[in-house]
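Everything below concerns the one structure shown next.
The values are calculated or read from the model by the stated rules, or taken from the named source; none is laboratory data. Just so it is clear, the structure is predicted and the values come from calculations on it, not from any experiment. FYI the Cβ positions are ideal-geometry reconstructions off the backbone, even for glycines, and counts take in every protein chain you see.
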Amino acid sequence: MLFNLGGRFSGRPAVRSVGILTLDAVFSCLALAFAYLLRFEGNVPPELARAGFTVLPVFVAIRLLLSVFGGLHRWSFRMSGLSEATRLVGLTVLGTAFIALILFAIQKVPIPRSVIALEFFFTSTFMAGLRFAPRLVAGWFAEQRRSRQEGTFRTLIVGAGNAGDLLLRDLARSPEHNYHVVGFVDDDARKHRLSVGGKPVLGSIESLPVLVRRYTVQHILIAIPRLSADRIRYILRLCSTLKVSFKIIPASFSYLDEKVASAMLHDLSPEDLLPRDQVQFDPDEIQSLVGGRCVLVTGGGGSIGGEIARQVARYGARRLVLVDMNENTLYLLARRLRQEYPQLELHTEIADIREPAKLQHLGAMYKPQDVFHAAAHKHVPLMEDAPEEAIKNNVLGTMNVVRMAIDCGAERFVFISTDKAVRPISVMGASKRLAELTVRHMARSAKTKFVVVRFGNVLGSAGSVVPLFKEQIERGGPVTVTHPDCTRYFMTIPEAVGLVLLAGLGNYGELCILEMGEAIRIIDLATHMITMAGHVAGGDIPIIFTGLRPGEKIAEEILTEEEEQTQVARNRILVAKSPPPPADLVERIQRLHQAVDAVDRGEIRRILREILPSYRPTEVTPGAVVLPMRQSGSGRVIV
């Protein structure tokens, strides 16, 4: 055989083309013979039979010439589809038309018109069978083999539209997966009970639980481009008691010229659950802000600082200086940046922002035009136990970075703050609020333009709940949540940093708050992540409520009441005017510095309350039970 069931020829391309043309010639002869036999019911008059043999070379020659002209001899048995079928039919119709014209011109050969029509039917059937049968047969055998072999997952595709159809086609011709698709679900009632690519549309999305149980489905593939986060969360709620895993095609599919492959599928992630569309940026706008400039980033090895470094490098900064105390993360980031952006002048500096002399040295050496200050202590419970460290790093360290930026003549300074600075109840939040006031106070007499950018949690950052939940789920649980009513604002790291660049460098105002959308209940996030991993929340993966830790809020805020009255929305950036810092702020910070040096934690908290009237520290016992539900022997609450 010239080809196997997978459509791969064993010979070279030239041999394969000759083989196809040879079979086309044979099929053309058979088509004419069958046409005569069918037309005359197997009893062909001798004179018509002789006429048929006379014109047979014309039939064969025209069919072969058109096959070569139309490229039908260079056929991809695996990749052929509707467009190739249309081309094949068009060329056979054109061949029949040429044959009819030639026979009409000759007029001496008596060929019935019905024979010409039947020859077209048989030729089309034979040529199409040659080209499509291998793929159909191979697909049928692969589907049967896949449905029976061990390790195959029975699968439903959500979305019977164009993306779902293309995904199914790719799965059918790709042996490198273990999905056995049993059907589709789609909310369009007009598609129900129809067939897409040979698979039935079994019902609506609402019927997923019933269909999963009926067909023992193990995987769900979401093939709806740019499906809203609300709809994704609805699907997860429907399947929360079922042990199914999820994958989704990327949102960027809608920009991929309608090409989709199973390799594009990725696991559902917490980013897909955000209750809003992710922010889209204009690359030219950001490039105009950072292109060709010298940028210094403190905390460059951290989640936010590292992403600032990546985006600044991507958008064409001339020189990038990364400052951090963690030499390992700094080394790894610098190595990746040098590989991806070899033209970038990159410098790494191991330095502590609490050492003013070292910062002044760096400022004088590199003369940064833009300074992004992302270095901070941010773990709330740890800072409750060590308030002096929070003040040293988040307040006094910030003052050192500000002085460095002013002394070296930096043009712009961007301070990264947090929603925990709004009406803080934790030392960490109070230290960031005090740092905000310090930056704004020191900006009054400086030529450097200072901007404070405040936002909430970022998904996947070091110390956030998402990596913690993933680790706990991988261990088999339990997943720990502080409080059933606890909510947080979330953004992805790339979009948060993109907005930081726009807000900090775009002359919006001295205090910018990133619009975070709706707050997400942490218990919902935990439940959805367990469902996405193919487990049942509260069943095989228990959820334990541990109680609010010291300094933690049930709900965070991004604006104070005064700021809400003056905020203006621009590109999801809220520009707020906050009350000015107290005139004696520097003197109060000096007293705070003395308390820090003395490690007088009570005095530190007292001075913080004095400087920040909104600071209301909480007295919460770690591990306290906050929900009257079934309790374990340790007193913790279990869902």
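Return the residues of region 70-102 that are aromatic (Phe, Trp, Tyr) and at pLDDT below 80; say none if nothing qualifies. Steps first, answer last, please.
First, pick out the residues of region 70-102 that are aromatic (Phe, Trp, Tyr): 75, 77, 98.
Residues satisfying the conditions are Trp75, Phe77.
Criterion first (in a loop (DSSP other than H, G, I, E, B) and either modelled with pLDDT of 85 or more or buried (at least 17 other Cβ atoms within 10 Å of the Cβ) (or both)) does Ala172 satisfy it? Before you say what the answer is, go through the steps one by one.
Details: in a loop (DSSP other than H, G, I, E, B): no; either modelled with pLDDT of 85 or more or buried (at least 17 other Cβ atoms within 10 Å of the Cβ) (or both): yes.
So Ala172 does not fit the description; no.
If a residue has to be touching a helix residue (DSSP H, G or I) at 6+ places or on another chain (Cβ under 7 Å) and within 25 Å of Ile558 (Cβ to Cβ) to count, how many in region 404-420 make the cut?
Total meeting the criteria: 8.
Which one is modelled with the lowest pLDDT, of the residues in region 1-20 that are crowded, with 16+ Cβ neighbours inside 10 Å and in a helix (DSSP H, G or I)?
Within region 1-20, the subset crowded, with 16+ Cβ neighbours inside 10 Å is 3, 5-7, 9, 16-17, 19-20.
Then keep just the ones that are in a helix (DSSP H, G or I); that gives 16-17, 19-20.
On the way: Arg16: 72, Ser17: 76, Gly19: 78, Ile20: 80.
Ranking the candidates gives Arg16 first.
Given the residues Val15, Val44, which is the only one that is within 11 Å of Val115 (Cβ to Cβ) and either out of contact with any Lys or Arg (no Cβ under 6 Å at 6 or more places or on another chain) or not charged (D, E, K, R) (or both)?
Details: Val15 fails: within 11 Å of Val115 (Cβ to Cβ).
Just a single option satisfies the conditions, and that option is Val44.
I'd like to verify a number: residues in region 401-453 that are assigned to a strand (DSSP E or B) and in contact with a Lys or Arg (Cβ under 6 Å, 6 or more places away or on another chain), how many? Reasoning before the result, please.
Taking region 401-453 first, the residues assigned to a strand (DSSP E or B) are 412-418, 449-453.
Next, from what is left, pick out any that are in contact with a Lys or Arg (Cβ under 6 Å, 6 or more places away or on another chain): 412, 417-418, 449.
Qualifying residue count, region 401-453: 4.
Taking region 117-139 as the search range and keeping residues that are closer than 27 Å to Gly197 by Cβ and of a type in the set (Phe, Trp, Tyr), which one is modelled with the lowest pLDDT?
Taking the candidates together, the pick is Phe132.
Looking at region 190-219, I want the residues that are without any contact (Cβ under 8 Å) to a residue 40 or more places away in the chain and over 20 Å from Asp170 (Cβ atoms) and have a partner that is among the polar types (S, T, N, Q) and assigned to a loop (DSSP other than H, G, I, E, B) with Cβ atoms under 8 Å, at least 6 apart or on another chain. Which pairs are those?
His192/Ser204; Pro209/Thr241
Going by the structure shown, is Ser114 among the polar types (S, T, N, Q) and modelled with pLDDT under 70? Even if it seems obvious, please write down each step before you answer.
Values: among the polar types (S, T, N, Q): yes; modelled with pLDDT under 70: no.
For Ser114, the condition - among the polar types (S, T, N, Q) and modelled with pLDDT under 70 - is not met.
Restricting attention to region 520-579, and to residues there that are of a type in the set (S, T, N, Q) and closer than 25 Å to Ala430 by Cα, which single residue is modelled with the highest pLDDT?
Of all residues in region 520-579, those of a type in the set (S, T, N, Q) come to 527, 531, 546, 560, 565-567, 571, 578.
In the following step, the residues that additionally are closer than 25 Å to Ala430 by Cα were identified as 546, 560, 565-567, 578.
Details: Thr546: 87, Thr560: 74, Gln565: 67, Thr566: 70, Gln567: 73, Ser578: 78.
Once the filter is applied, the top-ranked residue is Thr546.
Would you call Val596 more than 30 Å from the chain's Cα centre (by Cα), closer than 27 Å to Phe372 by Cα and aliphatic (A, V, I, L, M)? Steps first, answer last, please.
Numbers: more than 30 Å from the chain's Cα centre (by Cα): yes; closer than 27 Å to Phe372 by Cα: yes; aliphatic (A, V, I, L, M): yes.
Spelling it out, Val596 is indeed more than 30 Å from the chain's Cα centre (by Cα), closer than 27 Å to Phe372 by Cα and aliphatic (A, V, I, L, M).
Just for helices (runs of 4 or more DSSP H) wholly inside region 463-556: which have at least 1 residues that are among the hydroxyl-bearing types (Ser, Thr, Tyr)? Steps first, please.
Working: elements: 465-474, 493-505, 522-532.
Qualifying helices (runs of 4 or more DSSP H): 522-532.
Taking into account only those residues within region 206-237 that are among the β-branched types (Val, Ile, Thr) and over 19 Å from the mean Cα position of the chain (by Cα), which is surrounded by the fewest Cβ atoms within 10 Å (Cβ to Cβ)?
Residues of region 206-237 that are among the β-branched types (Val, Ile, Thr), as a first pass: 210, 212, 216-217, 220, 222, 224, 232, 235.
Next, from what is left, pick out any that are over 19 Å from the mean Cα position of the chain (by Cα): 210, 212, 216-217.
Values: Val210: 12, Val212: 23, Thr216: 8, Val217: 21.
Step by step, filter region 206-237, then rank; the result is Thr216.
Considering only residues that are of a type outside the set (Asp, Glu) and in contact (Cβ under 8 Å) with a residue 12 or more places away in the chain, which ones fall in region 19-32?
Restricting attention to region 19-32, the residues satisfying the condition of being of a type outside the set (Asp, Glu) are 19-23, 25-32.
Matches in region 19-32: Gly19, Ile20, Leu21, Leu23, Ala25, Phe27, Ser28, Cys29, Leu30, Ala31, Leu32.
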